[in-house]
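The values are calculated or read from the model by the stated rules, or taken from the named source; none is laboratory data. These numbers were taken from a predicted model, which means no experiment stands behind them. We place every Cβ from the backbone using ideal geometry, glycine too, and count neighbours over all the protein chains shown. Just so you know, the surface numbers come from the protein's heavy atoms only, side chains and all, with ligands and any DNA or RNA stripped out. Shrake-Rupley method; radii C 1.70, N 1.55, O 1.52, S 1.80 Å.
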Amino acid sequence: MKTVNLFFDNRFVGQLPGDAEVGPRRREVLGALWSQVAPTPVAAPHLLAHSPEVAGLLGFDAAMVQSRQFAEVFAGNALYDGMQPWAANYGGHQFGHWAGQLGDGRAISLGELVADGKRWELQLKGAGPTPYSRGADGRAVLRSSIREFLCSEAMHHLGVPTTRALSLVATGDAVMRDMFYDGHPQAEPGAVVCRVAPSFVRFGSFELPASRGDVTLLRQLAEFCIARDFPELADAGEQRFARWFELVCTRTAVMVAQWMRVGFVHGVMNTDNMSILGLTIDYGPYGWVENYDPDWTPNTTDAQGRRYRFGTQMQVAYWNLTRLAQALSPLFADVQPLQAGLDAFRERYAAEDRAHLVAKLGLGEFRDGDETLMAEFLELLQQGEMDMTLAFRALADVATHAPDAAVLDEAFYSDQARAQVLPGLQEWLQRHARLVRDAGQPEGERRRIMQAANPKYVLRNWLAQEAIDRAERGDPAGITDLLDVMRHPYDEQPGREAFARKRPEWARERAGCSMLSCSS
C-alpha cells in the first residue's frame, strides 16, 4: 500500500543486529535484538475507535483515519510504504525471578515514523505470533484491547508519562481465552491496538544480553539508546553512561510518583514492563484504588503475594532499577555511578512526592509535619472505607473557615465505617483548614491547585467494563464516550457526573471490575 505523507526511518532495525531467521517460529534468539516477523492477517478488520490527538501527532488526517486502508494496516493485513515489521528480543524478572528470554510475544512493531521532527514507534498488540510467543497465539481479545486503548490515553490526559494509543481495530476473528484460568476457555472477539511511543525499549532489553555475557551487544544497545532517545547527552562524552542511567532513574521516579498521585496501580511491574524512557507501558491488569487500601492489587495472579500492590510501587521500581544497574555494570569501571543513579531515584521520588502532597492538600508549600498530616488522612480513608479519588477531590470544596466532614460524604462506601471515623475526620479537617489559612493563598487559587492535582474522573475498572459490555454487544459508542470524558479528567464536565461515581455494589466482585487476570 502507498501513502505520500508518512516517513519511516526504522533506526532500531537499521542500526542494531537482527535475527538471521525470518518468521514466527518459536526459538531462542542469540546475538540479536529483534526478529523480522509480519503481522498475521485477520478476517474482517473494522475500526472501533481512535485517538484524534495521537493521529494528529503522527500526521494522519481525518480522511486517512476513516479509510479502509487505515483499518487494514492497523489490523495487520497491510503495510504502508516504509514499514519494516519486527518483534523485539528481551528478557526480564517476573515477580522477582529471572525469566530468561521473553520478547514481544504478541506485539509487532511496524516501524519508526518521523513526524514533525519527532520519532514514534508504531506497535500492534494482538497482531499474531512471533518467535517470542512461547506457545501462545499472539492475539488479543476485545476486552483487554479496549482497556489498553482507553488507559493509554486516560493516563496521558492525567499528566502521567505513558505510551499512547492510536487505534482500536476489531479483527472479525474469535480468540480462545481461559479468562479465569479454570480450564474453561471460551471464544471471545479479537482486536488489535496500535500503541505509540518514542521507543519500547525496556529494562529487560539490557538484562537479556547481560545475562548471556554478551557485553558487545549490551554496549551496542546502550550506545544506540543514548544516541537516539537521549539527545541531551550528545556532549556527555565519557560521562554519558552515568548520566544516562541517572536520567532513567529520575524519569522512573517521576512516573511512579504520578501513579501514586492519581491512585493508579500498574499490577505487573516486571522488569520487562519497565520503559527505559520512564513511560508507563503494558496495560494489563491495572486499576485505580477505589476504597483506599495501600495493599490492594488488581492482579489476580498477585493476589497472595501482593508484590505489586499500590503501596509498594516505589520500592518495586527501585528494585527493578537495581536489576538494570546490575545488567549495565559491565559498562562501568566501578559501581559508584550506578549507585549515584539509584540514590537520584530516591531523591527525585521524595521531591515529587512532597510536591504532589502540597498540591493535593492545598498547603502552598512543604513544611515539617506535612507528611504526617498526609499519612493521617490516608489512614482515615482506609479506616473509613473512603474512595481515594472522591475524597481528595472533595477536599478542595471544604470551607476553610468552617470545615465540615459532610462535604466528603459521597466518598464513603460504608455507613458504619463513616460513623467510626467521623470524629477523627472532623478533627483532621479543622487542623488542615488552619494550615491552609496559615499558607495565605487566596481561596480560589487554593481550589484551582487542588483540583488540578486531584482528578474528578479516572478510568475505573467498572467504567471500562461497561464500555466493554456495550462493545461486545456490537455498540462501540461506549468506548468513545468514555475516552471523551477521560480527555478532561480535572474538569467538572456538567452532565457527566455518572462517570465520577464511586464503584457501584454490583461491581465489587464482578470479574473485570475489581481484580483482573493477565489473560488477554
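For the range 1-91, the list of chymotrypsin sites (Phe, Trp or Tyr not before Pro) that fall in a loop by DSSP and count at most 16 other C-beta atoms within 10 angstrom reads 7. Within the shell of other residues whose beta carbon sits under 15 angstrom from the beta carbon of residue 453, the net charge comes to +1, with Lys and Arg scored +1 and Asp and Glu -1. The accessible area of residue 249, taken with all protein chains in place and a 1.4 Å probe, comes to roughly 0 Å².
Give the relative contact order (percent, whole number) for the chain; include only Cα pairs under 8 Å separated by 6+ residues. Relative contact order of the chain: 14 percent. Scaled against 2.2 N^0.38 Å for its residue count N, the alpha carbon radius of gyration of the range 6-68 is 1.55. Surface listing: 509, 153 arranged by accessible area from highest to lowest gives 509, 153, probe 1.4 Å.
Averaged per residue, the range 1-131 has 41 square angstrom of accessible surface, using a 1.4 angstrom probe with ligands and nucleic acids left out.
For the set 156, 97, 432, solvent exposure ranked by accessible area (probe 1.4 Å, protein chains only) runs largest to smallest as 97, 156, 432. Anisotropy class assigned to the range 1-113 is prolate, per the alpha carbon gyration tensor with a/c at or over the 1.5 cut-off and a/b larger than b/c.
Diagonalising the gyration tensor over the Cα atoms of the range 76-125 and scaling each eigenvalue by 5 before taking the square root yields semi-axes of 27, 13, 8 Å, largest first. Among the lysines of the chain, pairs that are 8 or more positions apart or on different chains and have alpha carbons within less than 22 Å of each other number 4. The modelled label-to-label distance between residue 473 and residue 488, using points 7 Å beyond Cα along the C-beta direction, is 2.7 nm. Over the range 449-520, accessible surface divided per residue gives 41 Å², non-protein components excluded, 1.4 Å probe. Would you mind checking the tilt of helix 240-262 against the longest principal axis of the Cα atoms of the chain, expressed as 0 to 90 degrees and rounded to 10? Tilt of helix 240-262: around 50 degrees.
Evaluate E = 1/(1 + (r/R0)^6) for residue 501 and residue 437, where r is the Cβ-Cβ distance and R0 equals 41 Å; express this FRET efficiency to the nearest 0.05. Once rounded, the FRET efficiency stands at 0.85.
Shape of the range 369-510 from its Cα gyration tensor (a ≥ b ≥ c, root eigenvalues): rounded if a/c is under 1.5, otherwise prolate when a/b > b/c, or oblate? Oblate. A 1.4 Å probe run over the protein chains yields, for the range 279-340, 37 Å² of accessible area per residue, whole-number rounding. Net charge of the neighbourhood of residue 382, taken over other residues with C-beta under 10 Å away and scored Lys/Arg +1, Asp/Glu -1, is -4.
Here is the list for the range 404-500: GluC sites (Glu not before Pro) lying in DSSP coil, each with at most 14 other C-beta atoms within 10 angstrom of its C-beta, are 492.
Less than 5 angstrom separates the built amide H of residue 385 from none of the residues sequence-distant by 5 or more or on a different chain. Estimated from the Cβ-Cβ distance and a Förster radius of 22 angstrom, the FRET efficiency linking residue 426 and residue 370 is about 0.65. Toward the positive end of the charge dipole of the range 233-300, with +1 on the Cβ of Lys and Arg and -1 on the Cβ of Asp and Glu, the farthest Cα among 266, 256, 242 is that of 242. Other residues within the sphere of radius under 9 Å centred on the Cβ of residue 9, judged by their own Cβ, net out at +1 (K and R +1, D and E -1).
Pairwise Cα distances in the range 95-156 exceed 14 Å in 68 percent of cases.
Cα gyration tensor of the range 132-238, axes a ≥ b ≥ c as square roots of the eigenvalues: rounded (a/c below 1.5), prolate (a/b > b/c) or oblate? Oblate. Computed as a quarter of the hull surface, the mean projected area of the alpha carbon convex hull for the chain stands at 24.6 nm².
With q set to 0.12 Å⁻¹, the log10 of I(q)/I(0) for the range 418-479, from the Debye formula over equal scatterers at the Cα positions, is -0.60. Normalised by the number of residues in the range 237-396, the mean separation of alpha-carbon contacts (under 8 Å, six or more apart) gives a relative contact order of 30 percent. Its relative contact order, with pairs defined as Cα atoms under 8 Å and 6+ residues apart, puts the range 149-269 at 18 percent. When the solvent-accessible area of the chain is split by element, carbon and sulfur atoms take up 51 percent of it, the probe being 1.4 Å.
A 1.4 Å probe, protein heavy atoms only, puts the accessible area of residue 449 near 50 Å².
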